[in-house]
Each structure stands twice: as C-alpha cells, then as structure tokens.
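The values are calculated or read from the model by the stated rules, or taken from the named source; none is laboratory data. No experiment lies behind these values; they were computed from the predicted model shown. Glycine also receives a Cβ, built like all others from the backbone with ideal geometry; neighbour counts cover every protein chain displayed. For accessibility, only protein heavy atoms count, side chains too; no ligands or nucleic acids. Shrake-Rupley method; radii C 1.70, N 1.55, O 1.52, S 1.80 Å.
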Amino acid sequence: MAQQPTATLDIIEQFGPHLAFSSGTRLDRGVEPDRLVKTHCCFCGQQCGIQLKVKDNEVIGFEPWEEFPFNQGMLCPKGVKRYLQGSHPDRLVSAQERAPNAPGGFRPIDYIAAIRRTADAIQKIQAEHGNGAVGVLSGASLTTEKTYLMGKFARVCLKTPFIDYNGRLCMVSAGAGNKKAFGIDRAANPWSDMLGADVVWISGANVAECAPITTNYVWQARENGAKIIVVDPRITPIARTCDLFLPVKPGRDVALFNGILHLMIEHDWLDHEFIEKHTIGFEALAESVREWTPARTAEVTGIAEKSIRQAAEWWGQAKTSFLTHARGIEHHSHGVQNVLGAINIVLASGRIGRENCGYATITGQANGQGGREHGQKCDQLPGARDLANPEHRAHVAKVWDVSPDDLPEPGVDCYEMFRKIERGEIRGLISICFNPLVSLPDNNFIQRMLDKLDFYVAIDFFLNDTARHADIVLPGSLQEEDEGVVTQIEGKVIKINKAVDPPGDARQDWRIIQDIAAAIGRTHGMTFQNPREIFDELRRASKGGVADYSGITWEKIEANYGICWPCPSEDHPGTPRLFELCSDNPIAKVAGPFYFPDGKARFNVAEYTPPTEEVDSEFPVILTTGRVVSQFLSGTQTRRIGPLVEQYPEPRVEIHPQLAQRLGIKEGDWTTVASRRGEITVRAQIVKTIRPDTVFVPYHWAGVKSANRLTISAQDPISKIPEYKVCAVRLAKATAAPEYADQLEPQQS
Amino acid sequence: MPVPDTKYFFIDPNRCIGCESCVQACSECDTHKGHSMIHLEYVNRRESPQTLPVVCMHCDSPTCAEVCPADAIKRTEDGVVQTARKPRCIACNNCVLACPFGVPKMDTHMELMMKCDMCYDRTSEGKRPMCATVCPSQALFFGTREQIADLRPRSRPINEFKFGEQTIHTKVRMMVPREATVNHLDVTDGMFDSGDDPQADDMMAATLYELPIIS
C-alpha cells in the first residue's frame, strides 16, 4: 500500500532535492537584519553556537557567536550554509496525500483533513490488529522536549511498545558499553580536558569531517605537548598529522585494545590503586587478554607490531590522557565489545574522573545524547530509566498520571520493527525526522517493507526519500522554527531558540503530534501549550533518574552557556566532569564515583569476534562507509544546499592504487561495487590514504547511489547497532556510465 | 577605521582539514556577497589529504599592484591590498599572472579582478575576518603575536618569501614548525643530473618538459 506513488524522477521534479543558493535578500549587500538570534547549529552533536540573522521572518544568514565557549565562533561548512534550508523551494508548506495521478504523486490536502485521515487509519489498524500494530520511528535531531513527547505519545496515547529512533544507528554501542562499565551513558568529560592530556587516543573517528570543531581541541592538545594516536583504516585529515597512525583492518578494534592492555599488564603500566579501590573485574579481564600478544594482535588487526608496542608505551606511560571514539568502532556487530575494550584501557590506566584525564564518545546527531535519554528509545523511559524496571515504571507512570501496568513493555530496535512489518505484525507507521530508506542497512529490504505497510504517515519539512512512500505527509518544522533544549557532545544541555515562524500550514512537530492524539481522542497528557511546559514535565519525570534534568531551567542554561546533567536541584551547577573521586550520584549514594550501588566501575571481558561477513573469493574486498564534511547523514537537508553539494557532488569509492591497479580501475572511472545485497556504480577515487584491502563509500546519497544498498543488516546483540563499517564487496570497472548520470543532478537519486 | 596594527592573519597548513568552511563563509561576507575570495588547494589528493587554504598574503610591495597597467589595485595604509577598483580594472589578467602566490582571480562575467581584502568591512570594525573566525581547526587565525605565540609553542610565523630573485614580505604570516629551517628551493636544484636518483630525474624532466622550460 505504501509504495512510492509514481516514478522517482516525477517526484524529484516536484519535491526535489533541488539546489538552493543565496539569492534575493540573502545576497543583497548592506541589508541589516531585524535581529540576531543566538541558537545552535541544526546538524551534528557538537551543537556549535551560532547567531542567525533574521529579517522579515526569514533567516538571511549567520553571524559567528564568538562568546559561546565550545566553538567560539568556529563553524564547519554545513553550519555556515544551514540557513539556506529556510525558504527552500522544496519546503513542504502544506500537508500532502498520496495521489498517484497528481504531479509528483502527491496533492496538497487540508491540514485538519490530513490529521483526520491519519487518526482514522491508526484507529482502524489498532482496532483490527491491536495497539502494537502501529509503530513509531523518531529522530535524534529533535529537541529533547519533542523526543520526550514522542515517547509519551507512543506509550500513553498509542499504547504501542514499538517506538525507536535513528540514534540506534549512531551511538547506542557507546551507550550500552558505558552503562555496562560506568553505569551511566554520557561522555565523561568536557572537551577542555583534552587540552592538558599527555596522550589523545582517537579510535574510529573521522574527527575532521564529522566533528570538525573538535580538531582544534586535538591540535591544541598537540601544541601543548600531547602525543596524538589515531586508529583508522583511512588516513583521514586528523590522521595526517598525528604522531602515531594505526591503520586497523576494519572490524578488529577490540583486538587492538586487548593487545594494548596485554602490554600494559606486561610492563606494569597500570594504576593499581585505582583498580583496587574503584573497579571490579580486573583479574578476569587480565586473564582474557593473556592471549593477545603483540604478534597475535598485529596479525589480527593488520597493524605493524612495533606500532602497537609504541602505542602501548605512550598510552601506558602517560600521566594524563583522553580517549575518544566514534562510529568507526561502534558500527559493528560487536560494537559494544569494541567500546568495552576501549574503556578497559582507560580504567586500567586510572586516568578518568580528574582534570585532563578523560573518555568520551563523539556524538553524531544534533541531539544524539538527549534524544536517547528521555523515552524514545525502545527500552527507556525519561531520565534514562529502564522501561523493564518496576520502580522506574512507577515513577514515570505517576508523573504521567497513568497506571504502571498500562505502560507497554520494552519494544524492539528500529531495524527489528521492519522485520515485524515483514511478518505483518506492524501495519501502520509514523515517522518523524528519520529517513530509514537511506540510513538503514540493506535498504532494498527496507523499500520492500515500506511497500508492505497498510498506512504510513511521515512528518518532515522536506519530502525525504522514505516519505515518498507515505500515504500522508504532515509538514513539520525546521529547527529554527521552534524552541527547546538539546544535549550536546559533552553532556551539556543547551537551548535552541526560535528565529522564525513555520510557513504556510507547516506546524511545530509537538503540535502535530498532539493534533493526532486529539483526533484519536486520547488527549490524556497530550495538551501542552508550549515546549516550556513539556520541559517542565520532563524535569519532573527525570528527577532522581541517572539523567537527572530536574535542576535545569531554560534561564539557567542561557545564563551559563549550557548546564551539564546530572543536575538534581536548581542550586546545583551541573556536572561537567563525571566520576570525580569525591563525587556523589543517585545510584552509588557516596559509595564511590561510578553509577553502581557499590560506586565501582566494571571491567568487562571484551571478546573478539570477526565481522559477520568476512571477505572471500567471490567478495574479496572490505567495504567501510562513513561521512564527508559537506553532507550530513541521509542528506535530506544537505543534498538541497547548493554550495555544500558543489563541494562534494556525488559519492565516490576510495580505492588504494595497489587494488585499483589489480582491478584495472583508474581515477574517475565508473566503478561498480557489489555486495550480496545489491550494487551501486560510482566514480573511483584512487588514493593511498586507505588500506589496500578496504574501500570506502560515503553513505549520504539515496537510491541508486546509496552505499546502504550494499551494507549488511547484521546487528550488535546488545546495542542492535548495524554493522555499517564492514561488509564484503567486489569491484569492477563499469562498462558504461550508469543511467542516472544522464538523468539526475549530482545530489539526486 | 583601519585594521588594528596589533592584529595579524596567520595561516597554519599543518592544521588545515580541507573542510572549506573558509570558502563557504567568505562568500557570506558583506563586501563581496556570494563570491568567495579564498580557495582551497589539495596538494596531491592521491598521496595525502593535505590541503591548503589560499588567501591573499597582502604583500608589503604587492606584485599584482606593481604590474597593473591601470593602477586599479590599491593597498590601504594599514597594509590591506584590495580588490581592483571597478572603474579602473581593464581585466587584462596581469595581476593574475604575476602574483607569486596565485591569489587574484578574474571574474570574467564582471570583468573585474576580485581578491581577498581581509574582510575589510569586519576587520576595520574590530571583528575578525569571516574565514579566520569560522575555521574549525584554526588553520586560519587572526590575532596578536602574543596570542599566536601562546597558542602555537611548536610553530613560528614567517612572512618573508623568496621567488627566484624576488623577496616578498607579507602582512599575512605562515606558520612553520619552530625547529625547522625554511628552505627556499630553486627549480634548478631538481633538474637533471646523472648522479641523482634516476626516478626523481625522470619525474622532474617530465614536469619540466610539460612546462616548456626545456625542449
């Protein structure tokens, strides 16, 4: 039923992506804005401060916000050009309903009628197949207020257990690993702790392209004397000038961490006092890494043994250090094990919970942190409470004025929801701020499942690739059209401020959700008048939880350029650095700094297993995927911004010259990359900056250019994150340019 | 109001991450809306992701102005070399060909040489140039000598460059490793010599042949 209503080219012509460039008022010289609005970037988890120039209800440009401490006016190209999203020709300004005979397959529909149709479809499906037959896919770019509302909407209004979010594709391995080791899921340190570190260890993080502002911290640390160690299969721009580069074979990170720990034990580069007083489980871990000799580690990881020894020596002998990682070690079917391996070498060094000693994952999405703390994750309730925990259920149920028994049990991850669609268990879908047709692995499967739905409603401000399959599209709001909070990379809660009103029939997303709730006739707890009311309830719901926001107010945020949670009371300053030895927390209650009843961190045996799909004679090359600096995630926003598209117009496959020579592929050749799940044809870029056994394709594009046609849906058993970073492919020079090369602009699909 | 003489523009190629934030931000500057006066070079993408932002060096004796037959390129008293004056520029490209740093670009549509004027509308009001403000890795930095000395203890700024017989001093400083000596290469150093590495000679010979320096 939810098949795309017409040919892709027709939809593109009507709804884009088309490229927007500066024009009109935005290009006029000397135009004075009506006002500057202090807010934050709408893209990655660094959440750089930015001032938007507003004139006549239009964002016409930006002015650096140099006082904001994290980025001090610095911005990446996406932040600079983000303002081109507003007043974009592709912007949805009215509700749309599927109409296969209309241009582009959709026709405008009255907003109220669209809400009515949506509510009727939900009621019909739930009446016939049960409450769980409707699923919700939410997003980690939403404000925390919206994510809180989405969780409440699913569980209290729809009464479905099936809600999950696109942060599932981002940081959940880090979150799960952090909870297992520390009892809390948050970056442990402010980035300023990097500046005084002796060693900065970066594993699987293309910092320069995915978190560019962070490079300034890393390189300032280097200026201050730090050794920089980068682990990556590619020489990324941050790796180019590091002190030690470890070109790990994709999917083998945990072996490296175990090998480092082996050497730390062998040379007694351990903090015995810290291990004794503040951790448990070291003996079992030490036993498990006995087998990870440098020789074996080198063999498995593909890194020279002397480099492994050098890394261990620098790490082991440092007095201060900061270890950070990102999707490169997390996007694996054993991502949690990789993360635990990283945490183990941090804990064994004892260098955490004090100045210049830190550990953090690099948040990918705008609200990747806050977006998973307050109830849109399938197993969590607000305050990072567990949905399966009776006490946690009771607390939130009381705030929500419902019986704990009425709350659904934990649901399933977003990929599993598509498997439920396959089995006919989920028949209706509501999505907001999520583009699974591009961002989920093996997306040919995702397309078939969208086609199978009885009813699909998408809320978005552009008709994203997945929303093309919708029965109803509701026009949502851009970040600058609403207010609320997000939690950035360091765990700091910051304030997004409204700059302009939504155009036409577009609505703030929280209004749309509440309109649907009202149309269904289940308004209990869904009658907020503004985001501040939602935030105030969220504060109560989080009180006493691990992610305690109860002492944070919008005024306090603005007065302090953000407040780090936990912040349990209004006179509490927040907690920029976790695990300080004198610190208290609601779980340990002065027993120790870590968030377990005994206050001690846990060493966990980090088991090495190879990637789910190993290379073989048929598919002999490793594919790894990632990002480029001018595009963001599934490209719904950035593939519409002309200057950003011009910077990197289309996906290319990076190939080492040795591999390229063997395959007879030259720079710029159209090259077909095929896996067991699909194939794409893109241009080759021949570079010595990638391992010869590995190729790289960025994943921001859709359809025939989607790297996720190739990737595998293998998932980590604990975090359920997909294995985007490793699958087996074969490459061949294409006999001709692909058909799309003549039909489509570079950003389109 | 002139650009404060305590503030300098520093370029640190070691820090450049190739993100083009400078390029995107430059086109937002009010004096040349929509046009970017800075560009990014890949040194050799096949070998390395090393990139370099190329911005006007604001020479003390600007070659571009010296070769301009129409006297269209002016240097302000505070040392900022500005875009060619529209009424005077004859789009002859002399400046483009002469600049040893490869900076001036001819806008053929407007028949005007346009180049970085160090965000004169911003710097003359005490703000930093747009590119140096947004640069996420601070490969571009605008500030005092004391600030850069404090921030970059491993590097030092240089502003003297040699091109053959020509020595140029610039308002813009380039950061180089503190311990390294700065060598000024002469093209003849790389020309064919039977005692040198034959592979290197072949490469240089091929390069020079393409450049029609030798026949």
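Starting from the Cα gyration tensor of chain A, multiply each eigenvalue by 5, take the square root, and state the resulting semi-axes largest first in whole Å.
Numbers: eigenvalues 277, 202, 129 Å².
Each semi-axis is the square root of five times an eigenvalue, giving 37, 32, 25 Å.
Order of A:676-686, A:589-599 by packing, highest average Cβ count within 10 Å first? Please report the intermediate quantities before stating the final value.
On the way: A:676-686: 19.9, A:589-599: 17.6.
Highest-to-lowest ranking by the protection proxy: A:676-686, A:589-599.
Each label point is 7 Å from the Cα along the Cα-to-Cβ direction; what then is the distance between the points at residue A:582 and residue A:354, in nm?
1.3 nm
Take peptide B:124-134, look around each residue's Cβ out to 10 angstrom, count Cβ atoms belonging to other protein chains, and average those counts. Let's see the in-between values first.
Working: counts 0, 0, 0, 4, 3, 0, 6, 0, 2, 7, 14.
Mean partner-chain Cβ count within 10 Å for B:124-134: 3.
Round to a whole angstrom and tell me the spacing of the C-alpha centers of segment B:87-133 and segment A:38-60.
28 Å
Taking N as the number of residues in segment A:9-85, what is its Cα Rg relative to 2.2 N^0.38 Å?
Values: Rg = 14.3 Å, N = 77, 2.2 N^0.38 = 11.5 Å.
Here the Cα radius of gyration is 1.25 times the empirical estimate.
What's the magnitude of the charge dipole for chain B around its Cα centre, counting Lys and Arg as +1 and Asp and Glu as -1 at the beta-carbon? Answer in Debye, nearest 20.
1000 debye
Is it possible to state the helix-based mean residue ellipticity at 222 nm for chain B, with each DSSP H run of 4+ residues giving -39500 (n - 2.57), the sum divided by total residues, to the nearest 500 deg cm²/dmol? What is it?
The helix contribution divided over chain B gives -5000 deg cm²/dmol.
GNM, chain B, Cα, under 10 Å: largest mean-square fluctuation among B:89, B:119, B:22?
Judging by the Gaussian network model, the answer is B:89.
First measure r as the distance between the Cβ atoms of residue A:572 and residue B:6, then evaluate 1/(1 + (r/R0)^6) with R0 = 56 Å and state the FRET efficiency to the nearest 0.05.
For R0 = 56 Å, the calculated efficiency reads 0.85.
Straight-line reach from residue A:38: which lysines have Cα under 19 Å away, leaving out those fewer than 8 places along the same chain?
Within reach: A:53, A:55, A:78, A:81, A:492, A:495, A:498, A:556, B:127.
Cβ neighbours within 10 Å, averaged per peptide: list A:424-432, A:297-305 in order, most packed at the top.
On the way: A:424-432: 23.4, A:297-305: 19.3.
Listed from highest to lowest mean packing, they are A:424-432, A:297-305.
Report the gain in length on full extension from residue A:536 to residue A:319: 0.36 nm times residue separation, minus Cα-Cα distance, nm rounded to one decimal. Mind showing how you got there, number by number?
Values: separation 217, 0.36 × 217 = 78.12 nm, distance 4.27 nm.
Net length gain for the segment: 73.9 nm.
Please compute, for peptide A:210-221, the average count of beta-carbon atoms on other protein chains lying within 10 Å of each residue's beta-carbon.
Working: counts 0, 1, 8, 6, 2, 9, 8, 1, 2, 9, 5, 0.
Other-chain Cβ atoms within 10 Å of each residue's Cβ, averaged: 4.
Could you grab the relative contact order for segment A:621-743? Cα pairs under 8 Å, six or more apart, rounded to a whole percent.
Values: 253 pairs, mean separation 42.4, N = 123.
Dividing the mean separation by the residue count of segment A:621-743 yields 34 percent.
Averaged per residue, what accessible surface does segment A:172-361 expose to a 1.4 Å probe, in Å²? List each step's numbers first, then the result.
Details: 4970 Å² over 190 residues.
For segment A:172-361, the per-residue accessible area is 26 Å².
Label residue A:113 and residue B:30 with points 7 Å out from Cα along Cα→Cβ: what is the distance between them in nm?
4.7 nm
How many partner chain Cβ atoms sit within 10 Å of a residue's Cβ in peptide A:17-24, on average, as a whole number? Walk me through the numbers on the way to the answer.
On the way: counts 0, 0, 0, 0, 2, 4, 1, 0.
Taking all residues of A:17-24 together, the mean is 1.
Going by accessible area, probe 1.4 Å, with all protein chains left in place, what is the ranking of A:634, A:192, largest first? Don't skip to the end; give the middle numbers.
Details: A:634 15, A:192 60 Å².
Solvent-accessible surface, decreasing: A:192, A:634.
Give the residue from B:1, B:38, B:17 lying farthest towards the positive end of the charge dipole for segment B:1-73; charges sit on Cβ (+1 for Lys and Arg, -1 for Asp and Glu) and the dipole is referred to the Cα centre.
B:17
If packing is taken as the average number of other Cβ atoms within 10 Å across a peptide's residues, how do A:278-290, A:701-713 rank, most packed first? Don't skip to the answer; put the middle values down first.
On the way: A:278-290: 17.1, A:701-713: 24.5.
Packing proxy ranking, top to bottom: A:701-713, A:278-290.
Stretch residue B:86-residue B:181 to full length: gain in nm at 0.36 nm per residue minus the Cα-Cα span? The partial results should precede the final answer.
Working: separation 95, 0.36 × 95 = 34.20 nm, distance 4.17 nm.
30.0 nm is the gain from fully extending residue B:86 to residue B:181.
Sticking with the crude label model, points 7 Å out along Cα→Cβ, report the distance from residue A:501 to residue B:127 in nm, one decimal please.
According to this spin-label approximation, the distance is 2.9 nm.
Relative contact order of chain A, please, whole-number percent, based on alpha carbon pairs below 8 angstrom and at least 6 residues apart.
Working: 1851 pairs, mean separation 143.8, N = 749.
Reported relative contact order: 19 percent.
Apply 1/(1 + (r/R0)^6) to the Cβ-Cβ distance of residue A:124 and residue A:736, taking R0 = 56 Å, and write down the FRET efficiency to the nearest 0.05. Spell out each step's value before the answer.
Numbers: r = 48 Å, r/R0 = 0.86.
FRET efficiency, residue A:124 to residue A:736: 0.70.
Rounded to the nearest 500 deg cm²/dmol, what is the calculated helix-only ellipticity per residue at 222 nm for chain A, with -39500 (n - 2.57) per DSSP H run of length n ≥ 4?
Working: 25 runs with 220 residues, N = 749.
Here the helix-only value at 222 nm equals -8000 deg cm²/dmol.
Using Cα pairs under 8 angstrom and six or more residues apart, how large is the relative contact order of chain B, in percent?
On the way: 367 pairs, mean separation 51.9, N = 215.
Here the relative contact order equals 24 percent.
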